[in-house]
Structures are given as structure tokens and as C-alpha cells.
1. Please list, ordered by residue number, the strands (runs of 3 or more DSSP E) wholly in segment B:18-131 having 2 or more residues that are open to solvent by 30 Å² or more (accessible area, probe 1.4 Å) and either within 14 Å of chain A (Cβ to nearest Cβ) or basic (Lys, Arg) (or both).
2. Step by step: first the residues of segment A:1-26, then only those that are within 13 Å of chain B (Cβ to nearest Cβ) and surrounded by fewer than 14 Cβ atoms within 10 Å (Cβ to Cβ), then the one that is modelled with the lowest pLDDT. Which residue is that?
3. Only one of A:168, A:177 is modelled with pLDDT of 90 or more, out of contact with any Phe, Trp or Tyr (no Cβ under 6 Å at 6 or more places or on another chain) and over 27 Å from residue B:55 (Cα atoms). Can you tell me which?
4. Return the pairs, sorted by first residue and then second, in which the second residue is aliphatic (A, V, I, L, M), the first residue lies in segment B:23-41 and is not assigned by TED's automatic domain parsing to the domain that holds residue B:200, the beta carbons are less than 8 Å apart, and the residues are 6+ apart or on different chains.
5. Filter segment B:1-22 down to the residues that are small (Gly, Ala, Ser) and in contact (Cβ under 8 Å) with a residue 24 or more places away in the chain and list them by number.
6. Among the residues in segment B:153-173, are any under 17 Å from residue B:44 (Cα atoms) and open to solvent by 10 Å² or more (accessible area, probe 1.4 Å)?
7. For segment A:27-44, does any single residue satisfy the condition of being open to solvent by less than 40 Å² (accessible area, probe 1.4 Å), within 27 Å of residue B:89 (Cβ to Cβ) and out of contact with any helix residue (DSSP H, G or I) (no Cβ under 7 Å at 6 or more places or on another chain)?
8. Assuming residue A:94 fulfils every condition listed in (1) within 14 Å of chain B (Cβ to nearest Cβ); (2) surrounded by 17 or more Cβ atoms within 10 Å (Cβ to Cβ); (3) within 23 Å of the chain's Cα centre (by Cα) apart from one, which condition is it?
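The values are calculated or read from the model by the stated rules, or taken from the named source; none is laboratory data. If you're wondering where the values come from, they're calculated on a predicted model, not measured in any experiment. Every residue, glycine among them, receives a Cβ derived from its backbone with ideal geometry; neighbour counts consider all protein chains shown. The protein model used for the area step is the full one, side chains on, heavy atoms only, and it has no ligands, DNA or RNA in it. Shrake-Rupley method; radii C 1.70, N 1.55, O 1.52, S 1.80 Å.
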Amino acid sequence: MLKGINFLVMKELKDYFSSPLVYVLASLFSGIMGLIFYNYLISSNEITNLSIIDTILLPTFGAMNFLLMFIVPLLTMGQFSEEKKNQTLDLIMMSNLKPSAVIVGKFLSTFIVVFFLVALTFIFPIILGLSGFSDWGLVFTNYLAIYLSVMAYISVGLFASTLTENQIISVVVTFCILFALLLLVNMAQVTDNYIVGLIIQYFSIGFHHAHFSRGQLVSFNFIYYFSFVGFFFFLTHKSVEARRW
Amino acid sequence: MSSIAIELDQVVKEYPGRLALKGISFQVKKGRIHGFLGPNGAGKSTTMKIITGLLRANSGNVSIIEGERIGFLPENPPLYMNMKVEGYLQYVKNLYSLDKDHGGDSLEVIMKKCGLLDVKERLIRNLSKGYKQRVGIASTLVHNPEIIILDEPTVGLDPKAILEIRDLIKELSRNHTILLSTHQLYEANLLCEDITIINKGEILTTGEVSQIREKISGGQRLYVEVEGARSEILEKMVQELPIELRDQVLGDISSFKVLSKEAHDIRSRLSSFLAKEGCIVLSLKEETMDLEGIFKEVTFGVQDAQGN
């Protein structure tokens, strides 16, 4: 199993880095993030720890999270849909690899790619550090939240790409699911029923993300993210298995 | 060599709202080229996918000879367009040998067999369809399978490529059991020792080509040209002799095909009958049946029932 996952991860990484998509997305991502960070930095006229957090760091991370919601589906869109279209999924399914190993392999390789994508922004806190910023715990929890959210986005993206042979449909379905989850926060705010509001809120990624961005590590948030990823793993697995019927 | 490599027993496959396979049974003998014939949409690909385990049957049994691996080439070869030929074959080999090495020919030998040595450094996306097909066939060989299943391997290729692929399949049949689907009867006739004919999810006939030929043609098939035949005479002939008539063209010179229902030679009885009725037999030619004939014969009843 591990050997198989390792084999697939290496193959997928090779695929990722030999296609132009990753480079286009990386330049787009780092370009936009750099611009956003620069703008926040310039517009913040008072440099204190508090003002850096409120006017630079949090808005930058918010923008990053939002941007990744677009970029991750673009990375995952072809993962299963292309393999289905080229029939290469059958090739893999005929080997001894289990569908779960295939899903984990694709998940990990995409995560590694996004890890390096996000790592391009590690320079932002370093720049802030040069001007005396020192709240590294907050930086850590924010990055943790970004990576956990990325895991959630990848799991949704992989699921959507098993549904179709068309990459565009796959990416649109991913957007739909992710934005629906994003909008749950707003929905929770307008409902009169407190309990229903609370439940809806707990389903939303944004609600759980918020704790991290304020520097809190709360156990139920971890549980939320891991069960979220697990749930979409399950759906993806079912969807891949359904091909046999 | 008479042992069974693949055996299907009453396999049923139902897609939502459509019964694709209505309980099919046949055997593929070890070491043979088995042709799987049928019109498009007959259920050939479905059957092949069930044998390879890519699809599950709703009921029925598929048994594959103990421990044998299967190399499967679907209708569209499963290729990664941005890989090079050698890299792709290496990838497939690694993919299938994660647990253990299955031995067999080295990639170099396989590429040589399939005529790929010249293109091994080229990207698959830039190859012609014929070469892509060869890469597909090569990829079924890398894990040294006993059984090779090819789904319409020559469809859409140019005549030269078709010839080359056919030679390759013949070459492979020395060491492998091959199940080959096609809707080209001519091709099956050239390549296969055994055939199974499928139509609308039902097996129409299965067995050795020569046996099927015998069974179906029954006695003889004659092509007859006569002068002065009238339809009454022909009707009378059908009543008096154990024959069926096909493809009648009546005129000054009439022609028709005669299918004898009995095994013995009917030519003398036929010509003396016609002479008695005052017709002049211009030609009397015996036809041996090729697969085309067999196919027409076995699908004839089916099409009749549907009123085509």
C-alpha cells in the first residue's frame, strides 16, 4: 500500500511539474499575493504588533485563503477526469493498487504542490519580522489553517473530478461545493433559530478557519477538518468504485 | 493445449434500463486466438471489461485460469499523452510489478517486438494512431501476462498499420492466449482459430471456426444461374427438394442461392429437377462459407425477428 502510494505520488508530482499549469498558477498566485501584501503594507500607516496583525497579516491570509479556493480546484480538476477520459484510470484499476491508494496518492501529490505554492508566501512574515513583528504563534496558526483548508479543498476537488470526464465541469462543481460551504456562515447569521444557526455555522469551513486566524488551536476544529476530508475521501472512493457497475 | 484459459458462465450485466448481457457463456482455450465478433453495441466491450474485472457482472461467473494475469487493451488505448514511449512502458511495468516482478521480456525486447524502438524517445501525443495502438499493445505485455485481451485493435488504422498490427497479434499468439474483439469478419477470419459471435447481448454461436462453418452451412451452399425459371418452378423446387432459397433474382436469366438442408451433395438432384422443368442450368457454383457468411447466417434469424 505504502509502496503503491509512494509510486503514485512520485508519478503525479512528475506530471504536475512537467505541465505548464503549476507554473502558471504559481506565478499568478505569487503575483496576486505579493501585490495584496504590498498594498496592505503600504496602506498601514502605523507599525505596531497589533496593527500589523489587523491591517496586514489577517487580510493577507484571508485573501490567500480565498485565492486558494480558486487555485486548488484548478489543480485537482484533471486528476480523475483526465484519467477517465484517457481510460488510464482503468489501467490503474487493473493493477494491484486499491482505489484508496490511488486517492491518497493524488491527494498527497496535490497537497505537496500546494504546500510549495503557499510556501512562496513565507517571505511575508519574514519581511514583517524585519520591522519588529514577533507574534510567530499567530503566523503559525494562520498557515496551519491555510493548509487544513487546502486539504479540505483538495478532497472536494478530487471528489468532483471523479464525477465527470470534463475538467471544466469538475472545476465548476468544486466551486459550487466550496462556495456553498462558504456561504453557510451568512446563512447561519440570518436564521432566527439559534440551534439551526449554530449547526449551519459548524458545517461551514469559514467558521472553523476563523479560530485559527485569531491564534486559537481548538480541538473540534481539527476534528472538523479531518472528518471533512474523510467524508470526501469516502465519497470519492464510492464514486471511483461505482465505475465498476 | 486444450485447457481453458477463460470461462464465462451465464454472465448477466445490466446497465440502468438496459440489459447489456443476457446471460452469456463461452470458453477461451489456452494458447489460441479467440475472435469475439459482433456488431457495434453488441456487448463486446462490456464482456471484456467484465473478464478483466473492470466491471462487475450482475450475476454469473467468470473464471480465469489460476493466477494468470491479463493484459487488456481497451478500444482507446490508455495512454498518458505527455509521457515518452519508453517512460510510459516503464511506468506501466512498475505499476504492475509493485508487489513482485513478473519477469518476462525486457522493455527493449517488447519495444522491438512491437516496432517501437525508433520512437521510444518521442512523446506519445506526437505519435500517429497506428503507433499509439502499438504502444497500447506493448503496454499489455510488460507484466508478462498469459492472457491478452484486445478490444478492436485495428479500428481506425490505415491499411499498412492494420497489416502490421495483425502480424504482431499472430506473433504474440505463439506465447499468449489472445481474446480479440472485432466487428470486421474478414479480420477474424484471417486471425482466429476460435470465434464467439455475440449480438444484442446474446451469444449466437461459439466454437472453432471450422466447426461452426460446418454446423451452419449444414450441407451445401450453391449459387445457381438458370435460364427459363419461373417463380412457380422455384416454389415447386423448394417443396420437392430439401433446400432453402436465398437472394432470388428472376428474369430471363434467374439467379438464386440454394442452401441444402442435408449433408450430402445435392447438385445432381437439383440440376435434373431443373432440366425436367425445362430450365437450362447455366452455372452451378458451390460456395464455401467464410466468416462473413457465418455471421450473416447466425444473425439472420435475429434480424428477421426484429423485422429488419
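1. Working: elements: B:18-29, B:33-37, B:59-64, B:70-73.
Counting at least 2 such residues, we get B:18-29, B:59-64.
2. Checked segment A:1-26; the qualifying residue modelled with the lowest pLDDT is A:1.
3. Values: A:168 fails: over 27 Å from residue B:55 (Cα atoms).
None of the others qualify; the one that does is A:177.
4. Correct list of pairs: empty, since none qualify.
5. Kept after step one, since they are small (Gly, Ala, Ser), are these residues of segment B:1-22: B:2-3, B:5, B:17, B:20.
Across segment B:1-22, the qualifying residues are B:2, B:3, B:5, B:20.
6. Start the filter on segment B:153-173 by keeping residues that are under 17 Å from residue B:44 (Cα atoms), which leaves B:153-155.
The next check asks that each one be open to solvent by 10 Å² or more (accessible area, probe 1.4 Å); those that pass are B:155.
Within segment B:153-173, one or more residues are under 17 Å from residue B:44 (Cα atoms) and open to solvent by 10 Å² or more (accessible area, probe 1.4 Å).
7. No, segment A:27-44 contains no residue that is open to solvent by less than 40 Å² (accessible area, probe 1.4 Å), within 27 Å of residue B:89 (Cβ to Cβ) and out of contact with any helix residue (DSSP H, G or I) (no Cβ under 7 Å at 6 or more places or on another chain).
8. (3)
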